[in-house]
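Heads up: the structure comes next, in C-alpha cells.
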Amino acid sequence: MTVEILKNYINGKWVESETEKTRDVINPANGELLAQTPLCTKEEALFAIKAAKASFWRWRTTPAQSRIRYLYDFRDALEENFDELAEMVTLEHGKTLDESRGEYRRTIENIEAATHIPSLQMGYNFEDIASGIDEMVIKQPLGVFFCVAPFNFPVMVPAWFWPYAIATGNTYIVKPSDQCPISMVRQFELLDEIGFPDGVINLLHGGSEVVSTLIESPDTVGLSFVGSTRIGKLLYKKCGEMGKRVQVQGGAKNFITIMPDADIERTIPNIITSFYGNTGQRCLAGGVLLTVGDIHEPIKKSLVEAAVQIKIGKGIDEDIHMGPLASKSGMDKVLSYIEKGIEEGAELILDGRNIKVDGTLSEGFFIGPTIFDKVTSDMVIAQEEIFGPVIPIINVKNLDEAIDIINANRYGNASSLFTSSGKAAREYQYRVLAGNIGINIGVAAPIATFPFSGMKDSFKGDLHGQGRSGIDFFTEDKVVISRWL
Amino acid sequence: MSLGTLGAILKYAISLENTAIIFYEKARTGTSDQELIDVFESLIIQNQKSIKKLKRTRREHTIEMILEPIKGLERAQFIIKTQSSEGSDDKLLLVLARTMETKIEEYYIAVAEKIGFLAEVSYTFQQLAEKHAENLSIL
C-alpha cells in the first residue's frame with residue numbers, strides 16, 4: 001500500500017520534499033497509517049523563508065481592505081466544507097466530531113476577528129502635543145512570521161496567529177504538527193483555491209531542523225509556539241539570542257476549585273467537560289480538582305456517577321462522548337502517571353485503564369475516565385501535566401489553602417472557581433496566578449477578540465496571541481512627530 | 001438506541017427532515033388533487049429550510065466541548081412511518097403526513113427540553129417544533 005507523503009505549500013505551489021526522513025501520521029482510533037510527514041531540510045526551510053520575504057513588500061502595500069477580503073473568502077470556504085474538515089480532524093487526532101466542530105468554530109472566529117484589522121490596526125494621533133507639534137502612531141507590519149503548532153488543536157492553534165499576521169500585512173510560514181498535519185494541508189488546499197498571492201502564506205512540514213532554521217534566519221521576525229514548556233523555553237531562549245519576537249505557550253496544570261456554596265448540579269457537567277473534553281489533551285483542561293471543605297464527598301460521588309456514563313469510542317461515531325488519546329506515546333505517558341499516582345498512595349476510585357471499546361480491547365489509544373481521591377499537593381499527579389482523562393482530587397480546608405496550592409505550582413495557564421459568592425470570586429481572580437480565570441466556567445477559553453493569556457511556566461513572552469495583544473505582536477508602533485510652520 | 005450527544009441529536013433531526021421530504025416528494029406525485037400538491041410542495045420547501053437551520057446550528061453552536069451525557073432520548077421513541085399497508089389514497093397520505101409531523105414536533109420539543117443548558121440550540125429546536133406545528137395546521 002502506498003502512503004502519501006505530504007507536500008509543502010511554498011510560494012503558491014505544492015512542493016515535494018527531498019528529505020528521506022518522515023514521521024507516520026496514525027489514526028489513533030485504530031492504529032491505521034494515514035500519511036507521512038516529511039521532516040524537511042534546512043534548504044527547504046530557507047526556500048520557504050525566501051518566498052515569504054520576497055512577497056512581503058507587495059503584500060504589505062496591499063490595502064488592508066483588499067487583504068482581508070481573502071480572509072472573507074477563506075472563512076466562506078471553511079463554512080462550505082465544514083463537515084468534511086471536521087471529520088478530517090477527528091480522523092487524524094481522534095477527538096469526537098462535536099469536538100472537531102468546536103475546534104473549527106473557534107478557527108473561524110479567529111479568521112473573523114482578523115477581518116477587523118482596519119479598526120484594530122488603526123494607530124492614534126494628537127494635535128498640538130507641544131506647541132505647533134502633532135504626533136501620531138502608525139502600526140506597521142514587520143516581515144516574515146512563523147508558528148510551530150501542536151497536535152492537540154491542529155487547526156485552531158495556527159489560527160490564533162496566522163490570520164492576524166497576514167491581515168496586518170506580514171507574510172507567514174505555518175509549521176504544522178508533524179503528528180497531525182493533514183487538516184492543515186487541507187486548509188492550504190482551500191487557501192490555494194482562493195488564490196492568495198504567492199508567498200503570503202506558506203506551509204512547511206518538519207521537525208527541529210526546520211524550526212532552528214526558521215529562528216536562525218536573519219529574514220524572519222518572530223515565532224508563535226504552542227507546545228511543551230521544555231521545548232518552549234529552549235525556543236524562547238534561542239529567539240532572545242537572535243533578537244526575534246516570540247510568544248511561547250507552554251504546558252499547564254489548571255486547578256479547578258469548588259467552594260462549599262457551589263451549585264453541584266450545574267458544576268459537575270463543567271468539571272466533566274474540563275477534565276475529559278478532548279480526552280484531557282488541552283492546555284486549558286482541568287489538571288487538579290480542589291474541593292473546599294464538606295463539598296468533597298458529594299462532589300466525588302456525583303463525579304464518579306457522571307464519569308461512568310461517558311461513552312468511549314471512535315470519535316467518528318456521533319454517539320461517542322470521548323475519543324482516544326492522539327498517540328500511543330501520549331497514552332503510555334498517561335498510563336505511567338496513573339501508575340505513579342497509585343505508587344504515591346493516592347486512592348484510585350475510577351480506573352480507566354484496559355477500557356473496552358465496542359466490547360473489546362481496541363487497537364486504538366484509549367483510556368477511560370480516571371479519578372484519584374486522597375491526592376496531596378506534593379504528589380507528581382498534582383504537580384505535572386498529565387494530558388489525559390485523569391482527575392486528581394485534593395480536599396482543602398478553605399479558599400486560602402486552595403490559592404496557596406495553585407500559586408505554588410510552576411504553571412499558570414488557567415484556573416477556575418465554582419461558587420455562588422461574589423466575594424470568593426473576586427478574591428480568586430485577584431490572587432490566583434494564572435492567565436485565564438474561569439468563574440463558574442470549566443474551560444476558561446478566551447474568545448478570539450480577547451488575548452489567550454498565561455503566566456509563569458505556561459507562557460514566555462510579552463504579548464499573547466489573539467485580541468489586541470496579537471495585533472501588537474505582529475506590528476511595530478512607529479511614532480511620527482511633525483511640525484509645519 | 002440512545003441519542004446522547006449533540007452531534008447525534010442533530011444528525012437524527014436532519015434524517016427526520018430528509019425522510020419527510022422524500023415522503024412529500026412521493027406524495028405529490030401520488031395525488032391528482034392540485035390543492036394537496038401545493039401543500040406538499042410548500043412542506044418540501046419548509047423542511048429544506050429546516051435542514052439548513054439544523055446544519056447551521058451544528059456548525060455554529062458546537063462551541064463548547066460538550067461532554068455531559070444527554071439522557072432520556074431514544075431513537076425508538078421518534079421513528080416515523082411513511083408508508084401504510086392500507087394503500088396510498090389522499091386520505092391515507094394526509095393521515096401519514098399528520099402522524100409524521102406530530103412525531104417530528106414531539107422530537108423537537110423533547111430535545112429543546114433536554115438541552116436547555118445550550119440556550120441557543122434549545123431555542124432553535126423550539127422554533128423548529130413551532131414550524132412543524134404550523135405544518136400540521138395546513139395538512
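Spot the failing condition for A:L284; the list is (1) within 14 Å of chain B (Cβ to nearest Cβ); (2) in a helix (DSSP H, G or I); (3) more than 23 Å from A:I26 (Cβ to Cβ), and only one is missed.
Result: A:L284 passes all but (2).
What's the total number of residues in region A:280-323 that are surrounded by 23 or more Cβ atoms within 10 Å (Cβ to Cβ) and over 30 Å from A:G435 (Cα atoms)?
Of the residues in that region, 3 qualify.
Test of understanding: among B:A20, B:A13, which residue is at pLDDT 95 or above, within 14 Å of another protein chain (Cβ to nearest Cβ) and crowded, with 22+ Cβ neighbours inside 10 Å?
B:A13
Go through (1) free of Cβ contacts under 8 Å to residues at least 24 places away in the same chain; (2) open to solvent by 30 Å² or more (accessible area, probe 1.4 Å) for B:A8 and report which single condition fails.
Status for B:A8: all satisfied but (2).
Any residue in region A:223-241 that is more than 25 Å from A:R410 (Cβ to Cβ), touching a strand residue (DSSP E or B) at 6+ places or on another chain (Cβ under 8 Å) and not basic (K, R)?
No, region A:223-241 contains no residue that is more than 25 Å from A:R410 (Cβ to Cβ), touching a strand residue (DSSP E or B) at 6+ places or on another chain (Cβ under 8 Å) and not basic (K, R).
Any chance region A:289-303 includes a residue that's in a loop (DSSP other than H, G, I, E, B) and modelled with pLDDT of 95 or more?
No, every residue in region A:289-303 fails to be in a loop (DSSP other than H, G, I, E, B) and modelled with pLDDT of 95 or more.
Here is a yes/no grid of residues against (1) in contact with a Phe, Trp or Tyr (Cβ under 6 Å, 6 or more places away or on another chain); (2) among the hydroxyl-bearing types (S, T, Y); (3) within 23 Å of A:P260 (Cα to Cα):
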{"position": "A:G286", "(1), (2), (3)": "yes, no, yes"}
{"position": "A:L303", "(1), (2), (3)": "no, no, yes"}
{"position": "A:G323", "(1), (2), (3)": "no, no, no"}
{"position": "A:V334", "(1), (2), (3)": "no, no, no"}
{"position": "A:S362", "(1), (2), (3)": "no, yes, no"}
{"position": "A:G368", "(1), (2), (3)": "no, no, no"}
{"position": "A:I371", "(1), (2), (3)": "no, no, yes"}
{"position": "A:M379", "(1), (2), (3)": "no, no, no"}
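Out of all the residues in region B:84-139, which are of a type in the set (K, R) and over 20 Å from B:I21 (Cα atoms)?
B:K114
Of all the helices (runs of 4 or more DSSP H) wholly in region A:81-131, which have at least 2 residues that are within 8 Å of chain B (Cβ to nearest Cβ) and open to solvent by 10 Å² or more (accessible area, probe 1.4 Å)?
A:97-114
Residue check: is B:V95 within 14 Å of chain A (Cβ to nearest Cβ) and either at pLDDT 90 or above or assigned to a helix (DSSP H, G or I) (or both)?
No; evaluated as a whole, the condition is false for this residue.
Scan region B:30-49 and tell me whether some residue there is buried (at least 16 other Cβ atoms within 10 Å of the Cβ), at pLDDT below 90, touching a Pro at 6+ places or on another chain (Cβ under 8 Å) and assigned to a loop (DSSP other than H, G, I, E, B).
No, region B:30-49 contains no residue that is buried (at least 16 other Cβ atoms within 10 Å of the Cβ), at pLDDT below 90, touching a Pro at 6+ places or on another chain (Cβ under 8 Å) and assigned to a loop (DSSP other than H, G, I, E, B).
Looking at region A:210-229, which of its residues are open to solvent by 20 Å² or more (accessible area, probe 1.4 Å) and touching a residue at least 12 places away in the same chain (Cβ under 8 Å)?
A:S212, A:E216, A:D219, A:V221, A:G227, A:S228
Would you mind listing the strands (runs of 3 or more DSSP E) fully within region A:190-278 where at least 3 residues are away from chain B (no Cβ under 14 Å) and hydrophobic (A, V, I, L, M, F, W, C)?
A:222-226, A:254-258
Hey, any hits in region A:21-41 for a residue that's part of a strand (DSSP E or B), in contact with a strand residue (DSSP E or B) (Cβ under 6 Å, 6 or more places away or on another chain) and under 14 Å from A:G199 (Cα atoms)?
Within region A:21-41 (the criterion being part of a strand (DSSP E or B), in contact with a strand residue (DSSP E or B) (Cβ under 6 Å, 6 or more places away or on another chain) and under 14 Å from A:G199 (Cα atoms)), the answer is no, since none of the residues qualifies.
Would you point out which residue out of A:I10, A:I26, A:I49, A:I5 is of a type outside the set (S, T, N, Q) and open to solvent by 80 Å² or more (accessible area, probe 1.4 Å)?
A:I5
Output the residues belonging to region A:452-471 that are open to solvent by 50 Å² or more (accessible area, probe 1.4 Å), assigned to a loop (DSSP other than H, G, I, E, B) and either not assigned by TED's automatic domain parsing to the domain that holds A:G222 or not hydrophobic (A, V, I, L, M, F, W, C) (or both).
Of everything in region A:452-471, just one residue is open to solvent by 50 Å² or more (accessible area, probe 1.4 Å), assigned to a loop (DSSP other than H, G, I, E, B) and either not assigned by TED's automatic domain parsing to the domain that holds A:G222 or not hydrophobic (A, V, I, L, M, F, W, C) (or both), namely A:D462.
Quick check on my filter: what residues within region A:409-449 are surrounded by fewer than 16 Cβ atoms within 10 Å (Cβ to Cβ) and either over 17 Å from A:G250 (Cα atoms) or touching a Leu at 6+ places or on another chain (Cβ under 6 Å) (or both)?
A:S420, A:S421, A:G422, A:K423, A:R426, A:Q429, A:Y430, A:R431, A:I439, A:N440, A:I447, A:T449
Every residue in region A:315-351 that is out of contact with any helix residue (DSSP H, G or I) (no Cβ under 7 Å at 6 or more places or on another chain) and within 14 Å of chain B (Cβ to nearest Cβ), please.
Of everything in region A:315-351, those that are out of contact with any helix residue (DSSP H, G or I) (no Cβ under 7 Å at 6 or more places or on another chain) and within 14 Å of chain B (Cβ to nearest Cβ) turn out to be A:D317, A:I320, A:H321.
So, in region A:341-362, how many residues would count as being within 27 Å of the chain's Cα centre (by Cα) and either surrounded by fewer than 18 Cβ atoms within 10 Å (Cβ to Cβ) or at pLDDT below 95 (or both)?
1
The values are calculated or read from the model by the stated rules, or taken from the named source; none is laboratory data. Note that this is a predicted model, so its numbers are computed, not measured. Reconstructed Cβ throughout: ideal geometry from the backbone, glycine too, with neighbour counts over all protein chains shown. Heads up: the accessible areas ignore ligands, DNA and RNA and are worked out on the full protein's heavy atoms, side chains in. Shrake-Rupley method; radii C 1.70, N 1.55, O 1.52, S 1.80 Å.
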